[in-house]
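One structure is given below, encoded as structure tokens.
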Amino acid sequence: MPNTPGSSNRGFGSMDKNKQQDIARKGGESVPPEDRSFSKDRDLASEAGRKGGQNSRGGKR
């Protein structure tokens, strides 16, 4: 990602895309599947997804 005037070369967004993917992948591997709360409770996962969708667009469409 080229640096444009006034931009920063710090932070996740300025990293190389492959580096971002490596970091993101590690986050998904940090907890074993059997210890993830959403893998045990489908209703909990559904409710969280609903809330996230409402918040991401302000609950309006």
- Message: Just to confirm a number: summing +1 for Lys and Arg and -1 for Asp and Glu over residues other than F12 whose beta-carbon lies under 14 angstrom from that of F12, what do you get?
- Response: +3
- Task: Grab the other residues whose beta carbon is less than 14 angstrom from that of S37, score K and R as +1, D and E as -1, and report the net.
- Result: -2
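Readers should treat all values here as calculations from the given coordinates under stated rules, not as data from a laboratory. Quick caveat, the model's predicted, so the values are computed rather than measured. Virtual Cβ from ideal backbone geometry, glycine too; neighbours counted across all protein chains shown.
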